[in-house]
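What follows is a single structure, written as structure tokens, with notes after it.
The values are calculated or read from the model by the stated rules, or taken from the named source; none is laboratory data. Because the structure is predicted, anything quoted here is derived from the model rather than measured. In this analysis, Cβ positions are derived from the backbone assuming ideal geometry, glycine residues included, and neighbour counts consider all displayed protein chains. Note: accessible area is taken over every heavy atom of the protein model, side chains too, but ligands, DNA and RNA are not part of it. Shrake-Rupley method; radii C 1.70, N 1.55, O 1.52, S 1.80 Å.
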Amino acid sequence: MANVMDTLRARGFVKQTVYEEDLYKLLGEESVTFYTGYDPTADSLHVGHFMQLIAMKHMQDAGHRPIILIGGGTAMVGDPTGKTDMRKMMTRETIDYHVSCFKKQMSKFISFEGPNAAIIVNNADWLTKLNYMDFMRDIGVHFSVNEMLRAKCFETRLEKGLSFLEFNYMLMQGYDFLRLFNDYNCKLELGGDDQWSNILAGANLIRVKEKKPAYAMTFTLLTTSEGKKMGKTEKGAVWLDESKTSPYEFYQYWRNIADADTEKCLKLLTFLPLDEIAELVKYNDERMNRAKEALAYELTKLVHGKEKADEAQSQARAAFGGSGDMPEKHVKPESNSIISVLVAAGICTSNGEARRLIQQGGVSLNDKKITDINEAVNYGDVVHKGKKIHVKIIFD
């Protein structure tokens with residue numbers, strides 16, 4: 001089989017590994033069972049999860065077997081990585097609901113049928129049944145507190161105060177890998193590079209306790225050229241659930257990323273051939289818009305299907321003066337004034353926000369910049385908020 005590590009390297013995924021030569025040989029010789037973890041802290045996956053899903057698909061397409069570990073147990077503790085405050089603990093019922101939502105979304109990326117079919121497991125099945133003294137004697141003895149305190153995942157929380165509950169997170173994640181190794185012959189854990197300390201802890205635990213090889217690989221974090229995490233907008237996270245982020249909004253997010261981030265996103269998040277990507281991004285001028293349109297279309301198709309990707313692309317082209325259908329908002333405002341319509345259409349959250357936006361010159365009606373908060377809106381008019389939101393108003 002082709003070695004998937006070559007693919008992951010060429011597309012820019014791989015950040016850190018251990019026993020890299022041995023892992024490369026293993027991935028080229030046999031089908032390897034691997035896992036990635038997801039904490040069910042919301043009822044939808046978001047753009048921050050995207051890279052892991054794509055990497056899992058590359059791995060599965062190369063013949064390897066994915067395990068999707070849902071952190072139903074660790075979510076009750078909370079991962080302290082990159083957090084300044086302790087997470088609010090969730091009930092088991094809430095976690096179970098989030099798990100069911102994740103399963104549905106992941107099925108768009110990962111196959112649950114065939115010889116290397118993916119499986120989903122929940123670490124609550126074993127973590128909630130642990131005997132504390134047995135766990136400390138059997139697992140805790142292999143962890144050095146001095147080494148744990150130097151781990152980057154605790155860095156931010158140590159400044160503000162790290163609870164003992166959170167301090168146990170690394171032990172639990174390490175134990176997850178050990179359980180999956182023993183139960184499913186899982187030899188590799190994948191994850192974002194901010195999880196390196198936790199992932200390495202699991203691989204080391206297996207090597208120390210079982211005297212057998214286990215491996216860790218982390219991926220480049222999905223950040224902008226300025227170093228900021230991607231997937232955030234004025235409204236919050238960019239979700240994969242269309243009830244939270246519509247296909248049009250999802251498309252527009254990727255269509256409007258910086259030119260400097262386009263090539264990286266095409267390599268990491270799409271399955272377009274590398275030579276095709278190189279052709280798309282070779283011009284550092286207005287022709288980069290074609291590359292960004294390709295990125296937006298491919299990702300929207302992957303998440304929401306071809307029909308909705310076609311619709312989103314048509315709407316976006318119409319909004320920017322080309323051919324296509326403008327996205328519509330059916331509204332029942334208190335009046336037909338622009339300020340009332342902005343709120344009723346969900347473009348602004350309050351009259352105050354709408355008023356400030358108008359006063360700052362951020363609203364246009366059709367091709368006219370609006371300065372009067374009482375400007376009348378007619379059926380079929382197009383409201384523009386800045387350069388990214390364009391909506392045809394339909395009065396019900």
| field | Filtered residues of region 17-52 (kept if more than 16 Å from LEU240 (Cβ to Cβ) and of a type in the set (Asp, Glu)) | value | GLU20, GLU21, ASP22, GLU29, GLU30
| query | Out of all the residues in region 88-145, which are of a type in the set (Ser, Thr, Tyr), open to solvent by 70 Å² or more (accessible area, probe 1.4 Å) and either part of a helix (DSSP H, G or I) or on the phi > 0 side of the Ramachandran plot (or both)? | reply | TYR97, TYR132
| message | Would you confirm, using the coordinates I've provided, whether GLY82 is assigned to a loop (DSSP other than H, G, I, E, B) and at pLDDT 90 or above? | response | no
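Out of curiosity, is MET288 in contact (Cβ under 8 Å) with a residue 12 or more places away in the chain and farther than 23 Å from MET5 by Cα? Even if it seems obvious, please write down each step before you answer.
Numbers: in contact (Cβ under 8 Å) with a residue 12 or more places away in the chain: yes; farther than 23 Å from MET5 by Cα: yes.
Taking the combined requirement at face value, the residue satisfies it.
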| field | Residue among GLU293, GLU249, GLU334 that alone is out of contact with any Cys (no Cβ under 8 Å at 6 or more places or on another chain), surrounded by fewer than 16 Cβ atoms within 10 Å (Cβ to Cβ) and either closer than 30 Å to ASN374 by Cα or modelled with pLDDT of 90 or more (or both) | value | GLU334
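Got a sec? Which of VAL391, VAL341 is at pLDDT 90 or above, under 30 Å from ASP310 (Cα atoms) and in contact with a strand residue (DSSP E or B) (Cβ under 7 Å, 6 or more places away or on another chain)?
Details: VAL391 fails: at pLDDT 90 or above.
Every option except VAL341 fails the conditions.
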| query | Taking region 145-199 as the search range and keeping residues that are modelled with pLDDT of 70 or more and β-branched (Val, Ile, Thr), which one is nearest to the chain's Cα centre (by Cα)? | reply | ILE199
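With the structure loaded, tell me whether ASN351 is more than 32 Å from the chain's Cα centre (by Cα) and either at pLDDT 85 or above or small (Gly, Ala, Ser) (or both) or whether it fails that test.
The answer is yes for ASN351.
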| request: Could you list all residues from region 32-77 that are more than 16 Å from GLN105 (Cβ to Cβ) and touching a Lys or Arg at 6+ places or on another chain (Cβ under 6 Å)? | output: VAL32, THR33
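Does ALA316 satisfy the criteria of being closer than 27 Å to PHE34 by Cα and either of a type outside the set (Ser, Thr, Tyr) or at pLDDT 95 or above (or both)?
Values: closer than 27 Å to PHE34 by Cα: no; either of a type outside the set (Ser, Thr, Tyr) or at pLDDT 95 or above (or both): yes.
No, not satisfied.
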| query | Can you find a residue in region 298-320 that is under 13 Å from VAL47 (Cα atoms) and not β-branched (Val, Ile, Thr)? | reply | yes
| Between residues in region 249-268 that are free of Cβ contacts under 8 Å to residues at least 60 places away in the same chain and residues that are outside any helix (DSSP H, G or I) and open to solvent by 50 Å² or more (accessible area, probe 1.4 Å), which pairs lie under 6 Å by C-beta distance while being six or more apart or on different chains? | ALA260/SER225; ASP261/SER225
| request: Out of THR349, THR371, report the one residue that is open to solvent by 90 Å² or more (accessible area, probe 1.4 Å), assigned to a loop (DSSP other than H, G, I, E, B) and over 27 Å from PHE250 (Cβ atoms). | output: THR371
| query | Looking only at region 173-216, which residues are among the aliphatic types (A, V, I, L, M) and not in a helix (DSSP H, G or I)? | reply | LEU188, LEU190, ALA214, ALA216
| query | Could you list, in sequence order, the residues of region 5-36 that are under 15 Å from ASP61 (Cα atoms), open to solvent by less than 20 Å² (accessible area, probe 1.4 Å) and part of a helix (DSSP H, G or I)? | reply | MET5, LEU8, LEU27
| request: Among the residues of region 165-201, write down those that are of a type in the set (Asp, Glu) and either over 14 Å from ALA214 (Cα atoms) or open to solvent by 10 Å² or more (accessible area, probe 1.4 Å) (or both). | output: GLU166, ASP183, ASP193, ASP194
| field | Candidate set from region 217-237 (those that are surrounded by fewer than 17 Cβ atoms within 10 Å (Cβ to Cβ), among the hydroxyl-bearing types (Ser, Thr, Tyr) and not in a loop (DSSP other than H, G, I, E, B)); member that is farthest from the chain's Cα centre (by Cα) | value | THR233
